[in-house]
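The structure appears right after this line, and notes come after that.
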Amino acid sequence: MPRHLPLFRRAAVHGDHAAIREGARVFTYRDLSTRSSGVAGVLLAGSPDLAEAPVAFLVPASFEYAAVQWGVWRAGGIAVPLALSHPPAEWRHVLEDTGAETVVVHTDFARPARELAEDLGITVVPVAEAMAGVPEALPEVGPERRALIIYTSGTTGRPKGAVTTHANIEAQVRSLVEAWGWTADDRILLVLPLHHVHGIINVLTCALWSGAVCETHSRFDAEAVWDRLGSGELTLFMAVPTIYRKLIDAWEAAPAARRQRWSDGAAGLRLMVSGSAALPVPVLERWREITDHTLLERYGMTEIGMALANPLTGARRAGHVGTPLPGVRVRLVDESGGVVAPGAPGEIEVAGPAVFLEYWKKPDATAAAFRDGWFRTGDVAVLEDGAYRILGRRSVDIIKTGGYKVSALEIEATLREHNAIRDCAVVGVDDEEWGERVAVAVECVAGATLELPALQAWARERLAPYKVPRALKVLVTLPRNAMGKVTKPEVARLFSSPPA
């Protein structure tokens, strides 16, 4: 057992304790250690050490996913998880950018992956073949080694590969385990994709570090999730705001008896967390009504893991993301890098052992991302009474209109109070007179309609504190359930050619 990687040492301690559950299938920590060693043997193929060679894999959330990820690490490679939902063109970008020479592929994705791999000259290893490997002597892998490449969302350009070391991952996990009280008695349901930090680190790796049980669902199904939440067997649940909204919709559509059973079971969980996007206050309040849980909202990103969070115990403030997590340093700075006074908006900068190493093969981008050892997140926040409130992404959420800087997130929060608006997204659109117009895409509640003049009249007084001149300038109405599927850049593109 490699003495230098605590994650694997801890797995040995938990031995026959359940690690991963897939429906009726249950796998122990011993199973995970044995199978990941076999995967490592297949990937090494006689070589002593992968020596930080990137290995891509296309595997659904499952025991096999965890075994392949651990197998890459134990062989000395860098794990590169591919997004199941992405088209082959996006897989190509990641494979070409990392230079991966091997991709481990689940049967469900064999054909498109094989066609792409043949074109790129990459070796395809079926996941069944990898899982059938025989454990061999493994290399020593130190904590300073590169461990994981996760690609950013690409909101301001082509996605970049953010590289974290084993030491970075350990720091991220230790921080969350301490802050959120993880123990071996925990049982968490995984419904998040496993090509982002949220699913990989916050759920799967924290669970396996703690000796807990992680239940995997290969796809999201609201009723199936509710059945597990209502079972009384789970202790933790983590999701994004869109998932919570879908669960609310499913609960409201269910018969009364089922709703009661679901609510009673969910109330027994010790913690529910929301992240990866701003949590609308109406969603937080409705979820609290249904489950008696005030969602713990936190803030993080690919390059830093989690940085800020509301407390495990104590008051959680709606619209705020709390205080720095253990081991994390946070500051707010102005455009010149000077620290701003409390109450003034500034860009979030983060430092500490959890911060990533580099952007893969992009030294200039890496250098530009840091200022005096602090990572520049590009997000703007304000510190209010000791807690941070996110104002938005500097590139897409801070709108410069009529001489003022306004937060798209604050405008969105106000617009969601309108009784015809189910959800919305606000962006700035270039305008010669105002610099940027404030433009909004809305998703109306069932049966409701909305016109721009009426919305402007309603919003004029409510948006006064945000210095929005002449309120809103453009309105586009989107179909129901569309809002959770589009990004801010995509919304912005709508306004260059608004749909009829």
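A few notes on this one:
- Meets criteria (of a type outside the set (Ser, Thr, Tyr), farther than 30 Å from residue 393 by Cα, out of contact with any strand residue (DSSP E or B) (no Cβ under 8 Å at 6 or more places or on another chain) and at pLDDT 95 or above) for residue 128: yes
- One residue stands out in segment 154-208 among those that are aliphatic (A, V, I, L, M) and in a loop (DSSP other than H, G, I, E, B): the one that is nearest to residue 69 (Cα to Cα), namely 194.
Residue by residue, here is whether (1) more than 19 Å from residue 187 (Cα to Cα); (2) modelled with pLDDT under 95 holds:
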residue	(1), (2)
19	no, no
32	no, no
43	yes, no
52	yes, no
63	no, no
69	yes, no
72	yes, no
82	yes, no
85	yes, yes
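- Residue check for residue 232: assigned to a loop (DSSP other than H, G, I, E, B) and in contact (Cβ under 8 Å) with a residue 24 or more places away in the chain: yes
- Residues considered: 118, 129. Of these, the only one that is over 27 Å from residue 219 (Cβ atoms) and in a helix (DSSP H, G or I) is 118.
- Taking segment 1-115 and the helices (runs of 4 or more DSSP H) fully enclosed by it, the elements with 3 or more residues that are surrounded by 15 or more Cβ atoms within 10 Å (Cβ to Cβ) and out of contact with any Pro (no Cβ under 9 Å at 6 or more places or on another chain) are at 6-14, 29-44, 63-74.
- Qualifying residues in segment 29-46 (those that are aliphatic (A, V, I, L, M) and touching a residue at least 40 places away in the same chain (Cβ under 8 Å)) - the one nearest to residue 66 (Cα to Cα): 32
- Complete set of residues in segment 402-422 that are among the polar types (S, T, N, Q) and either in contact with a helix residue (DSSP H, G or I) (Cβ under 9 Å, 6 or more places away or on another chain) or not assigned by TED's automatic domain parsing to the domain that holds residue 448 (or both): 407, 414
- Across segment 248-283, the number of residues qualifying as under 13 Å from residue 225 (Cβ atoms) and in contact with a Ser or Thr (Cβ under 9 Å, 6 or more places away or on another chain) comes to 6.
- Residue within segment 249-268 that is in a strand (DSSP E or B), modelled with pLDDT of 95 or more and closer than 19 Å to residue 184 by Cβ present: no
- Options 266, 368; residue that is without any contact (Cβ under 8 Å) to a residue 12 or more places away in the chain and on the phi < 0 side of the Ramachandran plot: 368
- The listed residue being assigned by TED's automatic domain parsing to the domain that holds residue 415, modelled with pLDDT of 65 or more and either surrounded by 13 or more Cβ atoms within 10 Å (Cβ to Cβ) or part of a loop (DSSP other than H, G, I, E, B) (or both), out of 457, 446: 446
The values are calculated or read from the model by the stated rules, or taken from the named source; none is laboratory data. Because the structure is a prediction, the values reported are computed rather than measured. Counting neighbours? That spans all protein chains shown, and the Cβs are built from the backbone with ideal geometry, glycine included.
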